[in-house]
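Participant: The following block contains the structure, expressed as C-alpha cells.
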Amino acid sequence: MFRIKNVLGFERCEDLSPHGHIGIKKVGRNADNNPIERPEIIGVNILDYLALYRKFTYTQQESYSLDNISAVELGEKKLDYSEHDGLMSLYKNDYQKFIEYNIRDVELVDKLDEKMGLLDLVYAIAYDGRVNFSDTLTSVRMWDMLIHNHLHAKGVAIDPFIKKPKERQVEGAYVKDPQTGMHKWVVSFDLNSLYPHLIMQYNIGPDTYMGHIPNHLCQYLNVNSIIKGAYDTPQVKKYMKDHNVTICGSGAMYTRDFKGFMPELMSKMYNDRVVYKDKMLKVKQEAEETGDDRSADIAKLDNMQMAKKIQLNSAYGALGNEFFRWFDIKYAESITLSGQLSIRWMEKHINEYLNKILKRKTWTTLLLSTQTQCISLLTNSWIKYSKEETFSGVILSTGLISRLERVLNRLLIRLLKNLLDQSMLTNRRW
C-alpha cells in the first residue's frame, strides 16, 4: 500500500477498498509512547495466520516462526538461504531463489490451513456471532454483538457504551503451590467449562445483580470464611430463601426470579456445542463403519462445536475487560472468586475424605496441585491401602477413579445446592 501511495498517490490506494475508503487504525504504542498507526482497507479483512495459530491452537511452542511451526505441524521447513547474509543479499544476488523463497512461504501457510482449518473456524465463529472475521480474535467485540443480537431479538434496547474506569485488578483464579518432584499414581480431575457454568449456576449478569450480602450477615467475608461456613448460618440461609437469591464467592447476590441474558446465552451455547459434538462423533463412527469419506461433514461439525467452545470460554475475558459495554469488576470477581470457592472447597473436603478413609492418625495433604479448574491427587497411599494394582503400572484402577469422581461431584452438589442451575461436574483429565 505504501508503494502504491508513493508511486500513484493516495487516491489509488482507496481503489483497494470496495467502499473506496482507507482508514487509520491505532495498534499500540512505540518505545517513545507515541501511537503506532496502521492503514486499514475498509471492507477487506486481513487475517494474520500467526495470530490465528496463537489464538486457536491452545499449545505452547518454543518459537512461533513459520519455520518452526511448519516443522512441528507439517514436518517441512522454509527454503534455506544461509549462503547469503540476509534477505537483501538474497534479493540482490539470487533473485530467482528470492522468488522461490516467497512462494515456499505461501505454500507452507496454505498447507498449514489445509491441515488445521483455522480459516474455516474463523468463518464459523464470525458467521455465528455476526461479526467481522478480524473481530473473532477479540472477546469484547464478539460478545458485544452476541449480547446485542440476543437482546434485540427479545425487543430489548441497549444503552450506549460508557467506559467505566478499572480502579484495580480483578482478583483472579486460585493456584496452589504444587508438591515438587517425581510422583507416581497421580490422577487429575477437571471441572468442565468452569466459568460458563458458574455464570449459569449463580445467574451472574448485569440484569440479575441484587447488590452485596449485608454486612450484618457476613461481616468478614472472603473465600476462607465461606469454606468455614459463613453461608451455612440460619440467618444467611433465611435471607437467601426470603429474597430468592444466589450468593457468589465474592458476596455478590443475583436473583433467581428469572434467568439473566448472560446465563441464557451460556446455556444455549453449551447445549448447542453438545449437539454439534455428538453429531460429529456420530458421523465419525458412521464413516469408520461404512468406509465413506465424510471428512467434509466432520470438519464442518467440528468447526461449529469449536466455535461454541471458543465463544463460551471468551465470555469471562470480555466481562473482565474495561472496554466491554457490560464490564464491572463485581461481575468479573463473582466468577473468579466463585471459581476459587469451588476448587478450594473440593480441595479441603477431598483431603478430609481421603484421610478419613485411609485412617490417618495425622492429617496430611494428598493433593499434588490445584489450579483454576483442575485438581490433582496423589493416590499412592490409597493404592497401598486398598491393594488395587494394575497390570501396566500406569493406569489407575477404574473402581478407584469412579469412586473419587462420585465423591467430588457429591461435594460440588453440597456446595452449589441453592443455585439456579447445578450442572457442573468433574471429569477425569489424566
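Please treat every number below as a calculation from the coordinates, not as lab data. If you're wondering where the values come from, they're calculated on a predicted model, not measured in any experiment. All Cβ positions, even for glycine, are placed from backbone atoms using ideal geometry, and neighbour counts span all protein chains on display.
Participant: If you keep only loop residues by DSSP, which trypsin sites (Lys or Arg not before Pro) in the stretch 1-105 have at most 16 other Cβ atoms within 10 Å of their Cβ? Let's see the in-between values first.
Facilitator: Numbers: sites: Arg3, Lys5, Arg12, Lys25, Lys26, Arg29, Arg54, Lys55, Lys77, Lys78, Lys92, Lys97, Arg104; in loops: Lys77, Lys78.
Qualifying residues, ordered by number: Lys77, Lys78.
Participant: For a footprinting-style exposure proxy, rank Thr246, Thr233 by other Cβ within 10 Å, fewest first.
Facilitator: The most exposed by this proxy come first: Thr233, Thr246.
Participant: If you don't mind, there's one more thing I want to ask. Round to the nearest 0.05 the FRET efficiency obtained for Ile162 and Asp105 when R0 = 35 Å and r is the Cβ-Cβ distance.
Facilitator: That pair, Ile162 with Asp105, gives E of 0.20.
Participant: Starting from the Cα of Lys176, draw a straight line to each of the lysines and keep only those under 21 Å, dropping any in the same chain fewer than 8 residues away.
Facilitator: The qualifying lysines are Lys184, Lys228, Lys348.
Participant: Another one. Quick check: the distance between the Cα centres of the stretch 213-261 and the stretch 271-345, to the nearest angstrom?
Facilitator: 29
Participant: Taking the Cα centre of the stretch 42-166 as the origin and placing charges on Cβ (Lys, Arg +1; Asp, Glu -1), which of Phe133, Ile147, Leu50 is farthest toward the positive end of the dipole?
Facilitator: Result: Ile147, furthest along the dipole toward the positive end.
Participant: Sorting Glu322, Glu114 on the 10 Å Cβ count, fewest up front, what's the list?
Facilitator: Glu114, Glu322
Participant: If the reach is capped at under 20 angstrom between alpha carbons, list the aspartates and glutamates near Lys282, excluding any in the same chain fewer than eight residues apart.
Facilitator: Lys282 reaches Asp272, Asp292, Asp293, Asp297, Asp302.
Participant: Right, next: Using the Cα centre as the reference, give the magnitude of the dipole from point charges on the C-beta atoms of the stretch 129-236 (Lys, Arg: +1; Asp, Glu: -1; all else neutral), rounded to the nearest 20 debye.
Facilitator: Dipole magnitude for the stretch 129-236 comes out near 140 debye.
Participant: Let's test the formula: R0 of 41 Å, r as the Cβ-Cβ distance of Lys154 and Lys241. What FRET efficiency results, to the nearest 0.05? Walk me through the numbers on the way to the answer.
Facilitator: On the way: r = 29 Å, r/R0 = 0.71.
Efficiency computed from Cβ-Cβ geometry: 0.90.
Participant: Now a separate question. Would you please name the chymotrypsin sites (Phe, Trp or Tyr not before Pro) within the stretch 55-151 that are DSSP coil residues with at most 14 other C-beta atoms within 10 Å of their C-beta?
Facilitator: On the way: sites: Phe56, Tyr58, Tyr64, Tyr81, Tyr91, Tyr95, Phe98, Tyr101, Tyr123, Tyr127, Phe133, Trp143; in loops: Tyr58, Tyr64, Tyr81.
Within the stretch 55-151, the qualifying chymotrypsin sites (Phe, Trp or Tyr not before Pro) (loop, at most 14 other Cβ atoms within 10 Å) are Tyr58, Tyr64.
Participant: Continuing with this model, one more query. Distance cut-off 18 Å, Cα to Cα: go down the list Lys55/Lys115; Lys111/Lys284; Lys164/Lys330; Lys277/Lys308 and report the pairs above it.
Facilitator: From the list (Lys55/Lys115; Lys111/Lys284; Lys164/Lys330; Lys277/Lys308), the Cα-Cα distance tops 18 Å for Lys111/Lys284.
Participant: The stretch 184-232: which chymotrypsin sites (Phe, Trp or Tyr not before Pro) are DSSP loop and have at most 15 other beta-carbon atoms within 10 angstrom?
Facilitator: Details: sites: Trp185, Phe189, Tyr202, Tyr209, Tyr220, Tyr231; in loops: Trp185, Tyr220, Tyr231.
Answer by residue number: Tyr220.
Participant: Over the stretch 1-116, one equal point on each Cα, no solvent: what is log10 I(q)/I(0) by the Debye formula at q = 0.10, 0.12, 0.19, 0.21 Å⁻¹?
Facilitator: Calculated log10 I(q)/I(0) at the listed q: -0.48, -0.70, -1.17, -1.14.
Participant: A follow-up question, please. Could you calculate the contour length gain from Glu352 to Gln219, that is, 0.36 nm times the residue separation minus the distance between their Cα atoms, to one decimal place in nm?
Facilitator: Extra length from Glu352 to Gln219 when fully extended: 45.2 nm.
Participant: Turning to a different aspect of this structure: Asp32 versus Asp207, label points 7 Å from Cα toward the beta carbon: distance in nm?
Facilitator: Using points 7 Å along Cα→Cβ, the separation is 5.0 nm.
Participant: Right, next: Per q in 0.13, 0.18, 0.27, 0.28 1/Å, what log10 I(q)/I(0) does a Debye calculation on the alpha-carbon atoms of the stretch 69-138 return?
Facilitator: Normalising to I(0) and taking log10 leaves -0.56, -0.77, -1.08, -1.12.
Participant: In whole Å, what is the distance between the alpha-carbon centres of the stretch 177-192 and the stretch 1-55?
Facilitator: Taking the Cα centre of each part, the stretch 177-192 and the stretch 1-55 sit 47 Å apart.
Participant: Tell me, Glu62, Glu83, Glu73 in order of fewest to most beta-carbon neighbours within 10 Å?
Facilitator: Glu62, Glu83, Glu73
Participant: Let me ask you something else. Quick one: length gained pulling Ser65 to Asp297 fully straight, 0.36 nm per residue minus the C-alpha distance?
Facilitator: Values: separation 232, 0.36 × 232 = 83.52 nm, distance 3.17 nm.
My answer for the length gained is 80.3 nm.
Participant: While we're looking at this one, here's another question. Average the reciprocal distances over every distinct pair of alpha-carbons in the stretch 203-254, invert the result, and give the Kirkwood radius in Å.
Facilitator: It works out to 11.2 Å.
Participant: I've got another one for you. Determine, from the Cβ-Cβ distance of Lys268 and Gln96 and an R0 of 45 Å, the FRET efficiency 1/(1 + (r/R0)^6), rounded to the nearest 0.05.
Facilitator: Using R0 = 45 Å, I get an efficiency of 0.20.
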